[in-house]
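What follows is a short report on a single structure.
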Amino acid sequence: MPYHKFKCSECIPEREKHAVIKGPGEDLTSALPLGYLNTIPGSISERGCAYCGAKHVIGTPMKDVIHMSHGPVGCTYDTWQTKRYISDNDNFQLKYTYATDMKEKHIIFGAEKLLKQNIIEAFKAFPTIKRMTLYQTCASALIGDDINAIAAEVMEEMPEVDIFVCNSPGFGGPSQSGGHHKINIAWINQKVGNVEPKITSDYVINYVGEYNIQGDQEVMVDYFRRMGIQVLSTFTGNGSYDDLRSMHRAHLNVLECARSAEYICNELKVRYGTPRLDIDGFGFEALGTSLRKVGLFFGIEDRAQAIIDEETARWKPEMDWYKERLQGKKVCLWPGGSKLWHWAHAIREDMGVNVVSVYTKFGHQGDMEKGIARCEEGALAIDDPNELEALEALEMLKPDIIFTGKRPGEVAKKLRVPYLNAHAYHNGPYKGFEGWVRFARDIYNAIYSPIHQLSFVDISKDEIPDQTSFLTQKMISDVNLSEEVTASKELREYTGNYDTITPLRNKTYPDFPAEKKLSAV
Amino acid sequence: MQCEVKNKERAGVINPILTCQPCGAQYASIGIKECIGIVHGGQGCVMFVRLLFSQHFKESFELASSSLHEDGAVFGATHRVEEAVDVLLMRYPHVKVIPIISTCSTEVIGDDIDGVVLKLNNGLLKEKYAGREVHLIPIHSPSFKGSMVSGYDVAVKDIVSHFAKKDKPNGKINLITGWVNPGDVTAIKHLLSEMQVDATVLFEIESFDSPLMPDGNSVSYGNTTIADLTETADALGTIALNRYEGGQAAKYLENEFDIPTIIGPTPIGIRNTDIFLQNVKKMTGKPIPASLVRERGIALDALTDLTHMFFADKKVAIYGNADLVIGLAEFCLDLEMKPVLLLLGDDNTSYPNDPRIKALQEKVSFEMEVIMNADLWELENRIKNEGLELDLILGHSKGRFISIDYNIPMVRVGFPTYDRAGLYRHPVVGYAGATWLGEEMANTLFTDMEYKKNKEWVLNVW
Amino acid sequence: MEDMMKDRVEQLVDYIMKNCLWQFHSRAWDREKQNEGILTKTMQILCEEPVEKETPMDKVYWVDAVCLADAFKKRYSWLAALDKGEIKLLMQGLKERMDYLTITGSLNAELTDPHY
C-alpha cells in the first residue's frame, strides 16, 4: 500500500492510512486513503461540525427563507457572513440570521416555548417572508426539544407560512458532511412533492449541489436558459424554497457537488425515477461536454453546441494566454470536498498546472476516488489533514500556489506560498467559460505577484536588486517565454468586467415555445 | 428627554452582536505563549472561531478540538479530552499551557473537565510527560451563558488564578487590556513607557500583527508567558482597562493577594486617557511626563479642528462589547456628538448598575436609548420602521449591511472588523486612539458627503 | 496480443478516470448499473448497433455513452482499425476493468452501505 507517513504524525498510528501517494502502476484498488472517520482529538484538524454542514453550507443559500437556529447564539453568529453565496433577491439570506438565544434556564426547563415565540417574532419582523428553516444545534438536541412539533403547531396557527426542520446537531458525524446528509434526506422527506410547479418548457431540470458562490449558479442557469431549459429549482444556491418543494417534477437532475447533494439525487431517482447526471461546471472541455450531455438528453444538442462554440471562440484565446504562462506550475489543491475532483484534471488540461497534492477536509472515500483518479502519478492525497501535516506537505512539495480556505491561506501566506480561496474564490465566479478564465487570471496574478517575490528577500543578508524600481506580473512571467508566445496576436489577457453577474439578471432569453403537452415525465 | 436603559423586548436574536463564551475563552488562550487551547465540544466551535480570528487579523491561530461526535454526546466524552491532551503534547513539544474550554454540548452532558484535569495531572502527565512543564486549566464557558465577553473574562480569571503565586514584589503593575487589538496594546505600552512604568501586559497580543519574514513563520500567538502570569501576584497593583473583560481577574488578585486594583475606565478618548494616566501615577508614584502633555496636545489639536465644525449634534448609534460601546459614547459626547442609541450585545445583569451607565442616565439631556441584550435588529428596525435618523454608526463588521442598505456612514470599530483593511493595527485607546478615531469618523463623514453630494463643497476651505 | 489489448483498455480507463464522473456513484449497486448501462451503450454506438434510449434511465446512460464514444474515437485512432468483434472484446475488457477498479476491487468502504 502506497501510504504516505507524515513525520509529525508518527506518534498517532491512527493517521497511518489517511494519506497516499499514487505511484507508477498503482490504481484506486491500492491507493485510496481511509475517509470520513471520526477525527483524532487534539490533532488540529480543519473540520467543522454537522450543524454547519447543514445550516451554513446547504440550508442558508436558499434565498427566501428565515434561517433560524435553535440554540445559543454562537452557532448562528459564527456561521454568518463567512461565505460568498449570493442571491438575486439582494442577498436576504446573507444579511439576516436568527438565533433563539437559548440560555441556562432553557437548558434546564426546555426551550420549546422560546422557540415558538422566536418563530412568531421573526415572521413579524419580516412580513414578506413566509418560509423558514429551523436548525437544531448541539444544545437543543441534547435537551430534547421537539422542534418538529413546534413547527407543526405554528404552521397550524399560521397557514400562510411553511417551516422546514433540520435536525442536525454539531456532533452528528465526523465532519460537516454529516449535516449535508441529514439536510438532504430531511428535505426530500419533508418537503419534496408538496408543491406543483408551473412547467414552462419541454425540458425541465433541477440543478443540484450548486451554491452560487460569487454567482456560479447564475452563470450556469444562463447557459440552461439559452438552451430553452427550465431550471425548476436549484439545490440550493440562489434557490427558492417553494421551487425546491417541486423537485419531483423535473425530468433530469443535473448534479455538481455530489459530495453535498448526491443523497437527494439518489433519493429522487429511487422515489420519482428522475435520472441523475453528474456534470462539471468548471473547465472548457469538461463544461462543454457537460452542456452537451444535457442537450443530448433533451434532443437539443445543437443549442448546447452553439453555446460551446460561441463561448469557446470568445474565451479560449484568453485562457490560452494564461496557460502559456502557468505551464508546469505546481499546485496544492486543498479544498473542502468536491473541488478536488472538479478541478484536478481540468486545471491541468486548460491551464497546464500540475496538481501535486489533493486533500479533503470533510470528504468521503468516494471523493478521494474521484480526486486521485483525476490526478497524475505522484500526487499526495490526504484525508482530514491537520495543521502539522499540511505544513510538512508544503515543505516537501514546495508548491507554487495553494487553493484552500481563508484561514489555512493565512498559514500559506506566512510560508510565502500564494493562496487562492477555493471555497469563496478571489475574483469569481469561476464556473462557466469566462469564469474559468477568471480563475486562471487569479492564479496568474497570485503566482507572479511582485510583492510575493519581495517576500523572499532578506535585506539584512541578500544582495538587493537595484536595476529596477518596479516589476509587473508580465515582466516576471514572460522572462522565459518564446517570442512566438509573447508577440502572439491570438492570445490575450482577460478582458471581462469586474462584475459579470448583475448584467445576467437583466437579460432576456430567446423564446423556445414548448412543443409537447406541458406535464411532468 | 433623557437616557433610557432597557432590555431588548423580543425573546430571540436577529443578527447577533456578539458570539458565545467559548470564543472569548479561545481569544484569551491565543494570547498566551506556548499555549494551545482545547475546546471540548463539536468541531464547529473551534473551526469557526479560528476562521473569525483569521478574518479579523488576517492571521492563523492554533486551537484544538476534542471533536465531540455522536457517541461522545451520548455516552460522555471526557476520554476525548484525555486523548486530545496527549496528541497535542506529543506533536507540539513546545506547548506548556492547555486551557480546556467547555462548550454548551459538553456542559449539558455534564462532562467533568475539572475531574479530567485532575486525572491527567495524576496520570498521563506524571507517567508520560514527567519532567515537562504542563499546565491544564479547565475553563467553564458554556455557550448558553453570557457572551464572548464573559467567556473572555472567565478565561482570563481562570488562567490568572491558575498561575498567580506570591513571591517577592516585582515593582511592576499588572495591566489587563481586555478584548483589544494589537494597535491598542502598542498605544498602552507606549503610554506606560513614557511614564517609565514597568508593566506586565495581560494578555499581550501586540504580536497578532505579525510580519511576513524571510525565514517563514506559520502561526501567530500572543506573548504573555507563564512567568508573566505567575508574577501577577507580586505586582504593586493591577489596572484592568475594561470592567467586563478582565475585571474578574483583577478582583481575584485583589482579594487573594491584596493587590491594589483599579478597574477602568476604558481609556477611549482624551478624558478617559487622562484618568488612566492619573491612575497609573497614583499606583506607581511616577509623574506624567511632558512628552505626554505634548502628545495629548497633538490629539487635542487634531480634534479641535473637527468637533464644533463637523461633529456637533451628529447622531450616532454604537454597538458591540459594553466597555467599548460605553467608552466610545463618552468620547462622542466630548466631541459634541449625540450617541442616541447604544446597543450592548449581551445580558450581563450588572450593566444597569454600571456607574458609567448611571451617569449617562443622570446627565444626558437628549433622547438616548441604551439597549441591553441587544441584537442588530434593534438598530435596523429603528431605522427601517421607527424613523430613527442617524449620521454615523460605530460598530463591527457584522453590522455592515445596515450601513450599506440605509446609506449611513459607518466607522468600523471593535471585533471583528474584517471588511476593512488593517484596522487591528490602529488603536482606539490612548491619545493616539482618540486622534485616530476622531479623524476616521471625520473622513468617513466627508466621504459620505461627497458620495451623496451633501454640501461636499464645504470641504473646499476647511 | 493480450498485452496490446491490456494497454488499450488502460488507455480507455485513463480517459474515463480523468474525465468522467459517472463511474463513481456512491453505492455498489448504482456503480454496477452505471458501468453496465453506459459501457454497453458505448459499445453499441461504437459498433453502430441500435441503442435503447426510450426510458429516462436509458437516455441518461446513452448521453454519457455518446460523449464517451466520441471521445474514444477522437483520441484513440487505433479504434478505427478494429472490427465489431474486436470492439466488443475491447469493451468487455474495459467493463471488467472498470468493475474491478470501482466496485469489486474498490477500497471504498461506503459502497455497501445499504442507505444513501
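Read-outs throughout are calculated quantities, based only on the coordinates presented, and are distinct from any laboratory measurement. Keep in mind it's a predicted model, so treat the numbers as computed, not measured. Using ideal geometry, Cβ is built from the backbone for each residue, glycine included, and neighbour counts are taken over all protein chains shown.
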Shape of the range A:348-398, Cα gyration tensor, a/c cut at 1.5: oblate
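At R0 = 22 Å, how high is the FRET efficiency between A:Asp309 and A:Lys507 if r is their beta carbon distance? Nearest 0.05 is fine.
0.70
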Neighbour-limited loop hits for GluC sites (Glu not before Pro), the range C:15-81 (at most 16 other Cβ within 10 Å; DSSP other than H, G, I, E, B): C:Glu48, C:Glu52, C:Glu54
Of all DSSP beta bridges in the protein assembly as shown, antiparallel share, percent nearest 5: 10 percent
GluC sites (Glu not before Pro) within the range B:354-462, DSSP loop, no more than 14 other Cβ atoms inside 10 Å: B:Glu367, B:Glu386, B:Glu389
Long-range amide H partners of B:Leu68 with built H, under 5 Å: B:Gly41, B:Gly42, B:Gln43
Shape call, chain B: gyration tensor on alpha carbons, a/c limit 1.5: prolate
Extension gain, B:Glu34 back to B:Tyr406 (0.36 nm per residue minus Cα-Cα distance, nm): 129.4 nm
Rel. contact order, % - alpha carbon contacts under 8 angstrom, at least six apart, chain A: 17 percent
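Calculate, for C:Trp29 and A:Ile459, the FRET efficiency according to 1/(1 + (r/R0)^6) with r their C-beta to C-beta distance and R0 60 Å; round to the nearest 0.05.
After rounding to 0.05, the efficiency reads 0.40.
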Label-point separation, A:Lys474 to B:Leu118 (7 Å along Cα→Cβ), nm: 7.2 nm
Note, ³J(HN,Hα) from phi for the range B:260-272, Karplus 6.51, -1.76, 1.60, rounded to Hz, x at Gly and Pro: x, 9, 10, 10, x, x, 4, x, 9, x, 5, 5, 5
Nonlocal amide H pairs with B:Leu136, under 5 Å, H built at 1.01 Å: B:Ile98
Relative exposure of B:Phe208, B:Phe203, A:Phe126, A:Phe470, judged by other C-beta atoms within 10 Å (fewest first): A:Phe470, A:Phe126, B:Phe208, B:Phe203
Estimated FRET transfer efficiency when R0 is 60 angstrom, pair A:Asn497-A:Asn189 (beta carbons, to 0.05): 0.90
Amide H contacts of A:Gly496 (H built 1.01 Å from N, under 5 Å, at least 5 apart or other chain): none
Under the Karplus curve 6.51 cos²θ - 1.76 cosθ + 1.60, θ = phi - 60°, whole-Hz ³J(HN,Hα) for the range A:122-136, x wherever Gly or Pro sits: 5, 4, 5, 5, 10, x, 8, 9, 10, 10, 8, 10, 9, 10, 6
Chain B: antiparallel DSSP beta bridges as a percent of all, rounded to 5: 5 percent
Per-residue Cβ neighbour rank within 10 angstrom, fewest leading, B:Val154, A:Val358: B:Val154, A:Val358
Nearest-ten-degree value, helix B:290-304 long axis tilted from longest Cα axis of chain B: 50 degrees
Distance between the range A:196-211 and the range B:186-211 - C-alpha centres, whole angstrom: 60 Å
Charge dipole magnitude, Cβ of K and R +1, D and E -1 - chain B, Cα centre, debye nearest 20: 420 debye
Charge tally in the Cβ shell below 15 Å around A:Val161, where Lys, Arg are +1 and Asp, Glu are -1, A:Val161 excluded: -2
Separation of alpha-carbon centers, the range B:258-329 and the range A:426-477, rounded to whole Å: 43 Å
Hz values of 3J(HN,Hα) by residue in the range C:29-42 - Karplus curve (6.51, -1.76, 1.60), Gly and Pro given as x: 5, 6, 4, 4, 5, 4, 4, 5, x, 6, 6, 5, 5, 4
Dipole of the protein assembly as shown, positive end: most advanced residue of B:Ser365, B:Phe48, B:Tyr418 [Cβ charges, Cα centre]: B:Ser365
Leading residue at positive end of dipole, chain A (Cβ point charges), from A:Ile147, A:Ala19, A:Pro169: A:Ile147
Chain B: angle of helix B:44-57 to the longest principal axis, Cα-based, in degrees nearest 10: 50 degrees
Low-density loop positions, chymotrypsin sites (Phe, Trp or Tyr not before Pro), the range B:341-402 - DSSP coil, at most 16 other Cβ in 10 Å: B:Phe366
Principal-axis tilt of helix A:147-157 within chain A, Cα atoms, nearest 10 degrees: 60 degrees
Segment B:Glu439-B:Asn170, length gained on full extension (0.36 nm per residue, minus Cα span): 92.9 nm
Aspartates and glutamates with Cα under 13 Å of B:Lys251, excluding same-chain neighbours fewer than 8 positions away: B:Asp153, B:Asp158
Rounded, prolate or oblate (a/c below 1.5 giving rounded, otherwise prolate when a/b exceeds b/c) for the range B:258-379 by Cα gyration tensor: oblate
Span from the the range B:69-123 Cα centroid across to the the range C:53-104 one, whole angstrom: 54 Å
